[in-house]
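Okay, so here's the structure we're looking at.
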């Protein structure tokens, strides 16, 4: 997607490039001399709370899904240092952001409270009575 001015999430939602900020940092871990010289890790920042392209319900679900990646200012920060290639890490970060937003567009099913059936209530009470009788039968044995 290099050169693409929009990050397409769904048919209705796409994010403009100006809403994303990328910062390249040095990655941790193995990589020999390369790791000390080249900034291959990417930190992708998306100002989700201020985004005009996201509907409010999606923003609320996104905040819950993002967890620790959601900042106090309402931005999502994604760090990627999976590969030694800056371009590949950038691509992975954008994919992860798109996947996170896609997950937030799914409306969870409403939970309908249900009552236990009459039969299940009766079976439960009967089992409790039986268990109570077993316990009551325990105790001292008298001659």
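The values are calculated or read from the model by the stated rules, or taken from the named source; none is laboratory data. Since the model is a prediction, treat every value here as computed from it, not as a measurement. We place every Cβ from the backbone using ideal geometry, glycine too, and count neighbours over all the protein chains shown.
Which one of these is exposed (fewer than 11 other Cβ atoms within 10 Å of the Cβ), under 16 Å from the mean Cα position of the chain (by Cα) and more than 21 Å from residue 17 (Cβ to Cβ): 57, 108?
Exactly one residue qualifies, and that residue is 108.
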- prompt: Looking at residue 52, is it within 25 Å of the chain's Cα centre (by Cα) and surrounded by fewer than 17 Cβ atoms within 10 Å (Cβ to Cβ)?
  reply: yes
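Okay, residues lined up against (1) part of a helix (DSSP H, G or I); (2) over 26 Å from residue 16 (Cβ atoms):
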site	(1), (2)
87	yes, no
103	yes, no
135	yes, yes
143	no, yes
- request: Say whether the condition of being surrounded by 12 or more Cβ atoms within 10 Å (Cβ to Cβ), without any contact (Cβ under 8 Å) to a residue 60 or more places away in the chain and under 21 Å from residue 17 (Cα atoms) is met by at least one residue in region 118-127.
  value: no
message: Here's a check for you: in region 17-36, which residue that is assigned to a strand (DSSP E or B) and within 17 Å of residue 100 (Cβ to Cβ) is modelled with the highest pLDDT?
response: 22
query: Given the residues 51, 39, which is the only one that is in contact with a strand residue (DSSP E or B) (Cβ under 9 Å, 6 or more places away or on another chain), modelled with pLDDT under 85, outside any strand (DSSP E or B) and more than 17 Å from residue 105 (Cα to Cα)?
result: 39
